[in-house]
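Everything below concerns the one structure shown next.
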Amino acid sequence: MPEHTFRVNGEQVTVDVAGDVRLLWVLRDILGITGPKYGCGIDVCKACTSHLNGEAVNPCAIPVRDLRPADEVTTIEGLAATAGGDLHPMQQAWLDHDVAQCGYCQPGQIMAAVALVRRVAAEGRAITDADLDGLRNICRCGTYARIREAIRAGAENMT
Ligand code: FES
Ligand code: FES
């Protein structure tokens, strides 16, 4: 089988797997990185949301053959390191606001939130209700109100 090389959470990895295998399964089943959750597997629920070169993506929709050696995949496991602490400010906000219920969707929620805050900051503006409305990560426990509060709090502590 072909080899595919890319970076995950700051380290280069090489996997020997068919090119059409989606990144989510490579992360979870081959590399043992289980923070990105399997929800739908068809690019809808966003439980698997992670970052590719700093932008939010759904790894269940990315064939591993599309990744290049310089591509950096960040999962919830690697998020804190991007902020240089034990917890990323968004993770701390999640704890402060006691967001999680069952927890299953929460890694994806946090990764989507961080990408949103970064994007809005790059545009030189504050986060709006419309930005928050645009997040489509599904939470079957219905924690949406606490998610929105935590994102606003976490955004204040992100540089
Ligand atoms: S598992 Fe990736 S979007 Fe649902
Ligand atoms: S906390 Fe249970 S699905 Fe979101």
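The values are calculated or read from the model by the stated rules, or taken from the named source; none is laboratory data. Values in this document were obtained by computation on a predicted structure and should not be read as measured data. When we count neighbours, we look across all protein chains shown, and the Cβ atoms used for this are built from the backbone with ideal geometry, even at glycine.
Brief remarks on what is shown
- Filter pass, ARG68 being buried (at least 16 other Cβ atoms within 10 Å of the Cβ) and in contact with a strand residue (DSSP E or B) (Cβ under 8 Å, 6 or more places away or on another chain): no
- Given (1) closer than 21 Å to LEU135 by Cβ; (2) out of contact with any strand residue (DSSP E or B) (no Cβ under 7 Å at 6 or more places or on another chain); (3) not assigned by TED's automatic domain parsing to the domain that holds ARG152, number of the condition GLN101 does not satisfy: (3)
- Restricting the search to helices (runs of 4 or more DSSP H) fully inside the stretch 75-148 and requiring at least 3 residues that are aromatic (Phe, Trp, Tyr) gives an empty result.
- Restricting attention to the stretch 39-53, the residues being farther than 14 Å from ARG28 by Cβ and more than 13 Å from the chain's Cα centre (by Cα) number 4.
- Selection within the stretch 76-112 - within 16 Å of ligand 1 (Cβ to nearest atom) and touching a residue at least 40 places away in the same chain (Cβ under 8 Å): ILE76, TYR104, CYS105, PRO107, GLY108, GLN109, MET111, ALA112
- Conditions (1) hydroxyl-bearing (Ser, Thr, Tyr); (2) assigned to a loop (DSSP other than H, G, I, E, B); (3) more than 16 Å from ligand 2 (Cβ to nearest atom): number failed by THR14: (2)
- All conditions but one from (1) crowded, with 22+ Cβ neighbours inside 10 Å; (2) more than 11 Å from ligand 1 (Cβ to nearest atom); (3) of a type in the set (D, E, K, R) apply to LYS46; the one that does not is (2).
- Test set (1) among the hydrophobic types (A, V, I, L, M, F, W, C); (2) out of contact with any Gly (no Cβ under 6 Å at 6 or more places or on another chain); (3) outside the structural domain of LEU24 (by TED's automatic domain parsing) - ALA56 fails condition number: (3)
- Candidate set: the stretch 136-159, residues that are aliphatic (A, V, I, L, M) and surrounded by fewer than 20 Cβ atoms within 10 Å (Cβ to Cβ); chosen: the one nearest to ligand 1 (Cβ to nearest atom): ILE138
- Residue match in the stretch 46-68 (condition: within 16 Å of ligand 2 (Cβ to nearest atom) and of a type in the set (Lys, Arg)): yes
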